[in-house]
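**Q** Got a structure here, written out as structure tokens. Questions coming.
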Amino acid sequence: MSAARNDTSLLSLTVAVLRAPASLVTGDRVPLARVLPGLLLLIALAGGLFGLVIGSYRGGVQHLFAAIKLPAVLLLPLVVTLPAIRALYRAAGVDVGYDRLCFAALVGVARASLLAAAMGPALWLLYSVNLDYHRAVMCLCGALVVAGSIGLFTVATLLPGGGRLRITAHLASFAIAGLVFAQGGWLLRPFLVRPRAEVTFLRPMEANVFSSVGAAWRSSRGDYRGWDAEAVQVWSDGDDVREPSLPGDRSDER
């Protein structure tokens, strides 16, 4: 008997999402109404826990801010991209309804949230040894890429089969969801906060996530040169080359 018909407790739902998400579906019947509250709760709890870990880099009220915003970032692609993704699959010859697509997306996000939370202790240990800010950003991005990729793969496995251009639809959908997730996280920053920066719930919009991650990657290797001249200022005091900053010393915060 499937998990959907047998037990919808939070623990059973967590086990099903992690071990056998396809067991929640019985034939063509999708138990969306039954599992929707549990999936949303899983995303809120697991995403919030991961947010607490991220907020521990700065500490204080940033724990709360990051825990509130992380579940919203995880759910944003689902809210924004579902119509476009369904259109892509329909154009590729995959007959998928909104209920099945919404179910698959929620399960994928829940699985990604649980995996991110599972990586939380390792990330917390790294942050507790005074990890450099730019390396901390790259560790955060790496954890989200791993969890998000597994979540997207889960979505693909829960969709109906068929369609001549199914693989193309998968790739295009992954790209759209990934872009929305990355830029959504940028808009809701900061998650990590520099030790000397002001803690606020949101930052003003400036630059974009891709320029910021690129800058953080170079900075994590000690290369503070070659940044975009309009967004970054590099200055020196004699032979002492100081760390660059974006306008307001904020734009590469996560």
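Nothing in this text is a laboratory measurement; each read-out follows from the coordinates by a stated rule. In this text, all values refer to a predicted model and were calculated from it rather than measured experimentally. Every residue, glycine as well, gets a Cβ built from its backbone with ideal geometry; the counts of neighbours run over all protein chains shown.
**Q** Can you put Y98, Y57 in order, fewest other beta carbons within 10 Å first?
**A** Details: Y98 11, Y57 28.
So the residues, fewest neighbours to most, are Y98, Y57.
**Q** Please work out how much length the chain gains when fully extended from I176 to T157, using 0.36 nm per residue of separation minus the C-alpha to C-alpha distance, in nm with one decimal.
**A** Stretched out fully, the I176 to T157 stretch lengthens by 5.1 nm.
**Q** Could you compute the net charge surrounding L32? Neighbours are other residues with a C-beta less than 13 Å from the C-beta of L32; K and R count +1, D and E count -1.
**A** Within the 13 Å Cβ shell, the charges total +1.
**Q** In what sequence do W124, W186 fall when counting other Cβ within 10 Å, fewest first?
**A** So the ranking, lowest neighbour count to highest, is W124, W186.
**Q** So how much slack lies between L125 and V199, counting 0.36 nm per residue of separation and subtracting their Cα-Cα distance, in nm?
**A** Stretched out fully, the L125 to V199 stretch lengthens by 24.4 nm.
**Q** Right, another one. Using 0.36 nm times the number of residues separating R135 and D28, minus their current alpha carbon distance, what extension gain do you get?
**A** Extra length available between R135 and D28 comes to 34.0 nm.
**Q** To make sure I understand, if each residue's beta carbon is the centre and we count other beta carbons within 10 Å, what order do S173, S9 fall in, fewest to most?
**A** By the 10 Å Cβ count, ascending: S9, S173.
**Q** Using a Förster radius of 22 Å, what is the FRET efficiency between V80 and A118 based on their Cβ-Cβ separation? Nearest 0.05, please.
**A** Computed FRET efficiency for V80 and A118: 0.25.
**Q** Please report the net charge: other residues with Cβ closer than 14 Å to the Cβ of P21, K and R +1, D and E -1.
**A** The answer is +3.
**Q** Also, quick follow-up: What size of dipole, in debye to the nearest 20, comes out for the stretch 33-187 about its Cα centre when the only charges are +1 on Lys and Arg C-beta atoms and -1 on Asp and Glu C-beta atoms? Before the final figure, lay out each step's value.
**A** Numbers: 10 positive and 3 negative charges, 46 e Å.
The dipole of the stretch 33-187 has a size of about 220 debye.
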